[in-house]
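Asker: Quick one: structure below, then a few questions.
Derivation of every value follows stated rules applied to the coordinates shown; laboratory data play no part. Because the structure is a prediction, the values reported are computed rather than measured. Heads up, the Cβs are rebuilt from the backbone with ideal geometry, glycines too, and the neighbour counts pull from every protein chain shown.
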Amino acid sequence: MKDRTMENMKFFFGKHEDLLFMKEDILKACSMICGSYGSGGKVLTCGNGGSCADSDHIVGELMKGFLLKRPLGLRLKEKFKSRFGDEGYEVSCKLQSCLPAISLTAQSALCTAYSNDVDPQLVFAQQVIGYAKQGDIIIGISTSGNAKNVYYAFMAAAAVGAKCIALTGMDGGRLRSIADCALIAPSNETYIIQEYHIAIYHFICSFVESEIFEC
């Protein structure tokens, strides 16, 4: 673990002492995601309502700089310059390196078509079949842990060899039993669970970014 990652971790758990009991599981989720990216994998996210917004939010932190600037590598910048001259180089200097991630909640045409034609509970599972491969990570968010469409997405993930991280609350619900890693916020109140989720996934995104990128 890098020194700055260690410092971020100390700060996070110092600020959120009520999550210390989850430290091992949170770090397990971080390790799973780092391992997936290290093997050329990607992250898929899904959830409903506020958890839908969180799914999009996670992708936003992964697909662009979060706490780091993540400049493109010199070799890629040179390709922009050799093909498109100074304008291409200027563009490359503004682009950032990405951690590949897709929110399964963002495909409105696909989701509504599949809901209408087949089964609304399977809209996430259908996309997992299309996008996921062995070694990828599915982050499913459900404050109760009982969202059927997220559960079915985890079923599809298991079938294709992807790993599942559940962000839940209450008693963890059904997702707890099927997830490879279950992060269960210590509350029974939906809005409090959501607030814990934001803190947890922000830490996870910062951890992964710090470990993968040099600057």
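Asker: Where the centre of each part is set by its Cα atoms, how far does segment 140-188 sit from segment 1-40, in angstrom?
Answerer: 19 Å
Asker: May I ask which of LYS64/LYS163; LYS23/LYS133; LYS77/LYS133; LYS2/LYS69 have a Cα-Cα span longer than 25 Å here?
Answerer: On the way: LYS64/LYS163 23 Å; LYS23/LYS133 28 Å; LYS77/LYS133 30 Å; LYS2/LYS69 17 Å.
Over 25 Å apart, Cα to Cα: LYS23/LYS133; LYS77/LYS133.
Asker: Let me ask something additional. What percent antiparallel are the DSSP beta bridges of the chain, to the nearest 5?
Answerer: Numbers: 1 of 18 bridges.
Within the chain, antiparallel bridges account for around 5 percent of the total.
Asker: State which helices in the chain qualify, where a helix is a whole DSSP H run, it must extend 15 Å or more along its own axis by its Cα atoms, and its mean Kyte-Doolittle hydropathy must be at least 0.5.
Answerer: Working: long enough: 3-15 (18 Å, -0.90); 23-38 (22 Å, 0.19); 50-62 (18 Å, 0.05); 74-94 (16 Å, -1.07); 148-160 (18 Å, 0.93); 190-212 (33 Å, 0.63).
Taking the DSSP H segments of the chain (at least 15 Å long, mean hydropathy at least 0.5), we get 148-160, 190-212.
Asker: Right, here's the next one. Give, rounded to the nearest 20 debye, the magnitude of the charge dipole that segment 16-59 has about its Cα centre when Lys and Arg contribute +1 at Cβ and Asp and Glu contribute -1 at Cβ. Write down the numbers at each step before the final one.
Answerer: Numbers: 3 positive and 6 negative charges, 54 e Å.
Computed about the Cα centre, the dipole is about 260 debye.
Asker: If one puts a single equal scatterer on every Cα of segment 152-206 and applies the Debye formula without solvent, what log₁₀ I(q)/I(0) results at q = 0.28, 0.30 Å⁻¹?
Answerer: Listed by q, the Debye log ratios stand at -1.05, -1.11.
Asker: Let me ask another. How big is the charge dipole of segment 59-203 about its Cα centre, in debye rounded to the nearest 20, if each Lys and Arg gets +1 on its Cβ and each Asp and Glu gets -1 on its Cβ?
Answerer: Dipole size: approximately 580 debye.
Asker: Sticking with this structure for a sec: Could you work out the longest stretch of the chain that avoids the GluC sites (Glu not before Pro) located in DSSP loops with at most 14 other Cβ atoms within 10 Å?
Answerer: 1-188
Asker: Could you go through segment 162-169 in sequence order and give the Karplus-derived ³J(HN,Hα) for each residue, using 6.51 cos²θ - 1.76 cosθ + 1.60 with θ = phi - 60°, rounded to whole Hz, and x for Gly and Pro?
Answerer: 7, 9, 10, 10, 9, 9, 9, x
Asker: Sorted from fewest to most neighbouring beta carbons within 10 Å, what does the list LEU104, LEU67, LEU175 look like?
Answerer: Details: LEU104 29, LEU67 14, LEU175 25.
Arranged by neighbour count, lowest to highest, LEU104, LEU67, LEU175 become LEU67, LEU175, LEU104.
Asker: Please give the calculated 222 nm ellipticity per residue for the chain, where each DSSP H segment of at least 4 residues contributes -39500 (n - 2.57) and the sum is spread over every residue; nearest 500 deg cm²/dmol?
Answerer: -18000 deg cm²/dmol
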